[in-house]
Amino acid sequence: MVAETARQFEALEAQAQTLMGVFTAAGHQSVAPAIIQPADVYLDVIGEALRSRSYVFTDAEGEELCLRPDLTVPTCRLHLERGENGDPNGLYCYNGTAFRFQPTGATSAHPREFRQAGIEAFGQEDREKAEAEILALTIEALHKVGLKEWQLHFGDLGLFRAILNSAPMPKRWRNRLLHQFWRPEAFRAELKRLTKAPADKTQTLPEELAKKLVGVEEQEATAIVTKYLEDKNIELIGARTASEIASNMLAILADVNADPLSEKTARLIEGYIEISGPARAAGARLKDLMRDEGVDISKALDAYHRRLQLFSEAGINSSNADFSAEFGRTLEYYSGFVFEIEAPTLGPDSPIAGGGRYDGLLRMCGASEDIPALGAAIHTERLLSVVKSEES
Amino acid sequence: MEKSIELLARAGLNVQKTGDERGYRGEVAELENTDVAFISASEIAWYLKTGKAHVGITGEDLIREGISDYKTRIDFIKPLGFGFADVVVAIPDCWLDVRTMADLDEIAEQFRAQHGRWFRVATKYMNLTRTYFSCAGFSDYRIVESLGATEGTPASGTADLIVDITTTGATLRANGLRILDDGVILKSQANLVSSHAATWSPQTRQVLNEIISRLET
């Protein structure tokens with residue numbers, strides 16, 4: 001990697017000061033969370049993939065640690081440590097280094113060490129208002145350091161959840177579709193399976209055993225499974241109990257008797273996922289789709305429109321904003337509104353800022369329950385390079 | 001190592017140890033200016049990755065495990081027809097409701113609710129496991145590094161499932177384990193491998209060609 005010049009260093013520092021000035025003026029308290037973080041929280045949130053994307057290491061006492069891949073989790077942890085005796089609310093901002101392993105080699109757009117400037121807002125009950133504020137503050141900061149041209153992309157996992165909830169289907173199918181949403185291909189396969197033949201799955205169970213389990217209660221099922229294992233001379237090893245195995249088999253078998261997902265519901269879900277385009281037009285299409293399929297998700301739709309309204313009140317030009325139902329599919333831990341801001345010169349693979357809502361993250365970091373939380377982070381080196389190229 | 005030496009000998013390349021009996025160095029009588037290093041299997045990947053060796057003979061599994069961007073760093077020149085081993089995902093045979101990676105993914109959340117932790121996967125193939133699991137869309141697990149007797153870890157409670165090598169599957173069966181239907185990560189064997197990181201002169205290139213042509217005949 002090319003070493004940073006003194007001039008670049010000074011320009012970045014000056015830019016960071018401006019960004020932080022905007023954040024603190026809006027009431028966000030400046031914090032400096034620890035660079036070295038316990039790997040545990042990240043492993044829980046991101047999974048083992050963390051190890052292939054971050055710097056994870058073991059210290060002399062055998063504790064697994066990592067160099068923070070972002071500042072959101074560290075800020076959540078800092079908030080919880082400070083707030084042990086009270087206030088769930090907190091507005092924070094930061095400017096600091098984050099570290100990511102780049103498997104195909106580090107480049108200037110994808111360095112292994114980069115500085116993030118960002119904001120977090122915890123405990124705010126008015127969801128759309130908080131979302132519009134975070135976005136508006138991010139854009140204000142970008143403008144203040146001289147960014148002129150940008151495009152906003154956003155998605156909303158809350159809408160998808162509302163649509164799933166509105167459609168008639170067993171709860172475990174809903175969970176399965178929600179779980180697969182992150183992987184478009186698997187999602188389409190799952191949707192097809194549920195529409196065509198939800199019973200397919202039972203073919204994976206031992207046939208003679210499956211026959212015996214039809215229509216029995218959980219306790220009896222456990223006894224049948226235990227006997228089957230004994231007869232077949234299969235030892236029950238590991239943490240899963242016979243009753244866990246039996247109860248999952250019953251859930252699988254329940255699919256046999258369930259009606260397939262209706263064509264109508266499949267059309268609704270597919271229709272939703274295809275929606276993408278300018279925010280206002282996408283909103284209108286959403287409304288049309290719900291009307292055509294006779295589905296009521298007015299609460300989620302109202303939230304969508306209220307958010308757009310608040311965007312425009314905050315001075316965000318909605319012609320700069322694209323909604324995509326699929327957006328956010330690849331981003332971990334977001335639970336609702338999610339956005340990225342890109343510059344035309346860098347393109348969608350290297351957004352200059354991004355953020356959204358992650359109501360489950362504080363609980364994953366140790367809070368006793370979900371706490372409304374959202375934030376945004378700016379990739380400051382990218383921002384500087386775009387602003388410089390706009391100037392020249 | 002013995003099998004590599006035999007194979008080279010059959011190709012008319014006689015590897016001899018130099019120095020005392022316990023030496024880790026050798027030479028090939030038929031090839032001038034060639035040093036042979038006798039090193040442990042895992043070190044071979046490192047020698048090739050860093051260019052400390054021009055060519056090596058080692059298992060494909062160890063290359064793919066030890067060198068994350070192996071495609072850009074080394075060439076697999078020729079599979080050598082020995083050292084066969086499959087890297088597989090194996091689960092307790094008593095999990096009658098699980099046959100595929102997708103089944104595993106489906107019960108992961110439920111398992112966590114019940115036991116307060118993700119599935120633990122014991123393996124020494126951390127990178128192969130991560131890559132394969134991620135392609136299968138399975139992310140709700142934690143790796144427990146295991147450097148020996150991996151197949152015993154589900155029974156002992158250290159792990160819930162394993163990723164390990166097997167040749168006949170007998171050891172897995174003896175430990176109450178079963179390979180997932182889509183659980184073969186890699187069918188590995190010994191390979192002749194060359195390093196991109198090493199400095200290649202016309203002379204070293206010539207030696208490699210000589211080795212290749214002798215192995216082909």
Worksheet item: Yes or no: B:Arg205 assigned to a loop (DSSP other than H, G, I, E, B) and surrounded by fewer than 20 Cβ atoms within 10 Å (Cβ to Cβ)?
Response: no
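Suppose the filter is under 27 Å from A:Ser335 (Cβ atoms), buried (at least 20 other Cβ atoms within 10 Å of the Cβ) and acidic (Asp, Glu); does A:Glu48 pass it?
So A:Glu48 fits the description; yes.
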Practice prompt. Find the strands (runs of 3 or more DSSP E) located wholly in segment A:46-141 whose residues include 2 or more that are among the aliphatic types (A, V, I, L, M), and list them.
Written response: A:64-67, A:90-99, A:113-122
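Quick one: how many residues across segment A:346-367 are hydroxyl-bearing (Ser, Thr, Tyr) and either in the same structural domain as A:Leu135 (by TED's automatic domain parsing) or crowded, with 20+ Cβ neighbours inside 10 Å (or both)?
Looking only at that region, the number is 1.
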Worksheet item: Taking segment B:50-88, which residues are within 14 Å of chain A (Cβ to nearest Cβ) and over 13 Å from the mean Cα position of the chain (by Cα)?
Response: B:Asp69, B:Lys71, B:Thr72, B:Arg73
Worksheet item: (1) more than 10 Å from chain A (Cβ to nearest Cβ); (2) without any contact (Cβ under 8 Å) to a residue 24 or more places away in the chain; (3) part of a helix (DSSP H, G or I); (4) of a type in the set (Ser, Thr, Tyr): which one isn't true of B:Thr168, the others all being true?
Response: (3)
Fill in: Lone unmet requirement of (1) surrounded by 18 or more Cβ atoms within 10 Å (Cβ to Cβ); (2) within 29 Å of B:Ser134 (Cβ to Cβ) for A:Leu78
(2)
Discussion item. Go through (1) surrounded by fewer than 20 Cβ atoms within 10 Å (Cβ to Cβ); (2) among the aliphatic types (A, V, I, L, M); (3) out of contact with any strand residue (DSSP E or B) (no Cβ under 7 Å at 6 or more places or on another chain) for B:Met126 and report which single condition fails.
Written reply: (3)
Worksheet entry | Members of segment B:150-165 that are more than 7 Å from every other protein chain (Cβ to nearest Cβ) and in contact (Cβ under 8 Å) with a residue 40 or more places away in the chain | B:Glu151, B:Leu161, B:Ile162, B:Val163, B:Asp164, B:Ile165
Worksheet item: Across segment A:44-89, which residue is nearest to the chain's Cα centre (by Cα) among those that are touching a residue at least 12 places away in the same chain (Cβ under 8 Å) and more than 30 Å from A:Gly105 (Cβ to Cβ)?
Response: A:Cys76
Worksheet item: Residues of segment B:1-54 being polar (S, T, N, Q), closer than 18 Å to B:Leu80 by Cα and in contact with an Asp or Glu (Cβ under 7 Å, 6 or more places away or on another chain), which ones?
Response: B:Asn14
Worksheet item: Can you name the residue in segment A:1-34 that is under 22 Å from A:Phe57 (Cα atoms) and in contact with a helix residue (DSSP H, G or I) (Cβ under 8 Å, 6 or more places away or on another chain) and, of all such residues, is surrounded by the most Cβ atoms within 10 Å (Cβ to Cβ)?
Response: A:Pro33
Practice prompt. Please indicate, with yes or no, whether at least one residue in segment B:194-201 is part of a strand (DSSP E or B), within 29 Å of A:Arg51 (Cβ to Cβ) and touching a residue at least 24 places away in the same chain (Cβ under 8 Å).
Written response: yes
Item to complete: Return yes when A:Ser389 is assigned to a loop (DSSP other than H, G, I, E, B) and either buried (at least 16 other Cβ atoms within 10 Å of the Cβ) or without any contact (Cβ under 8 Å) to a residue 60 or more places away in the chain (or both) and no when it is not.
Response: no
Item to complete: Search segment A:124-136 for residues that are of a type outside the set (Ser, Thr, Tyr) and pair each with any residue that is surrounded by fewer than 19 Cβ atoms within 10 Å (Cβ to Cβ) and in a helix (DSSP H, G or I) when their beta-carbon atoms are under 6 Å apart and the residues are at least 6 apart or on different chains.
Response: A:Glu128/A:Arg306
Discussion item. Here is a list: B:Leu31, B:Leu48. Which entry is in contact (Cβ under 8 Å) with a residue 24 or more places away in the chain and touching a His at 6+ places or on another chain (Cβ under 9 Å)?
Written reply: B:Leu48
Response to the item:
By residue number, the members of segment B:102-149 that are within 9 Å of chain A (Cβ to nearest Cβ), within 18 Å of B:Ile185 (Cβ to Cβ) and of a type in the set (Val, Ile, Thr) are B:Val121, B:Thr129, B:Thr131, B:Ile143
Worksheet entry | Complete set of residues in segment B:1-34 that are surrounded by 13 or more Cβ atoms within 10 Å (Cβ to Cβ) and either within 23 Å of the chain's Cα centre (by Cα) or polar (S, T, N, Q) (or both) | B:Lys3, B:Ser4, B:Ile5, B:Leu7, B:Leu8, B:Asn14, B:Thr34
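Would you be able to say whether some residue in segment B:176-185 is under 21 Å from B:Lys71 (Cα atoms) and either within 11 Å of chain A (Cβ to nearest Cβ) or surrounded by 15 or more Cβ atoms within 10 Å (Cβ to Cβ) (or both)?
For segment B:176-185, residues under 21 Å from B:Lys71 (Cα atoms) and either within 11 Å of chain A (Cβ to nearest Cβ) or surrounded by 15 or more Cβ atoms within 10 Å (Cβ to Cβ) (or both): present.
Surrounded by fewer than 20 Cβ atoms within 10 Å (Cβ to Cβ) and under 16 Å from A:Ala377 (Cβ atoms), is that true of A:Thr97?
yes
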Practice prompt. Using the structure shown, decide if A:Arg285 is in contact with an Asp or Glu (Cβ under 6 Å, 6 or more places away or on another chain), in a helix (DSSP H, G or I) and not hydrophobic (A, V, I, L, M, F, W, C).
Written response: no
Item to complete: Starting from segment A:271-286, take each residue that is within 14 Å of A:Leu159 (Cβ to Cβ) and list its partners that are assigned to a strand (DSSP E or B) and charged (D, E, K, R), counting only C-beta distances under 8 angstrom and pairs at least six apart or across chains.
Response: A:Ser276/A:Asp322; A:Ala279/A:Asp322; A:Ala282/A:Asp322
Worksheet item: Hey, A:Ala34 hits all of (1) within 19 Å of A:Pro111 (Cα to Cα); (2) part of a loop (DSSP other than H, G, I, E, B); (3) modelled with pLDDT of 95 or more but one; which does it fall short on?
Response: (1)
Worksheet item: Out of curiosity, is B:Ala155 surrounded by fewer than 15 Cβ atoms within 10 Å (Cβ to Cβ), part of a helix (DSSP H, G or I) and not β-branched (Val, Ile, Thr)?
Response: no
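Only one residue in A:Glu230, A:Glu217, A:Glu244 is over 26 Å from B:Asp160 (Cα atoms) and at pLDDT 90 or above. Which one?
Within the list A:Glu230, A:Glu217, A:Glu244, the selection yields A:Glu217.
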Practice prompt. Evaluate the following for A:Gly27: is it on the phi > 0 side of the Ramachandran plot, modelled with pLDDT of 90 or more, out of contact with any His (no Cβ under 8 Å at 6 or more places or on another chain) and not hydrophobic (A, V, I, L, M, F, W, C)?
Written response: yes
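The values are calculated or read from the model by the stated rules, or taken from the named source; none is laboratory data. Note that the structure is predicted; figures quoted are calculated from it, not measured. Reconstructed Cβ throughout: ideal geometry from the backbone, glycine too, with neighbour counts over all protein chains shown.
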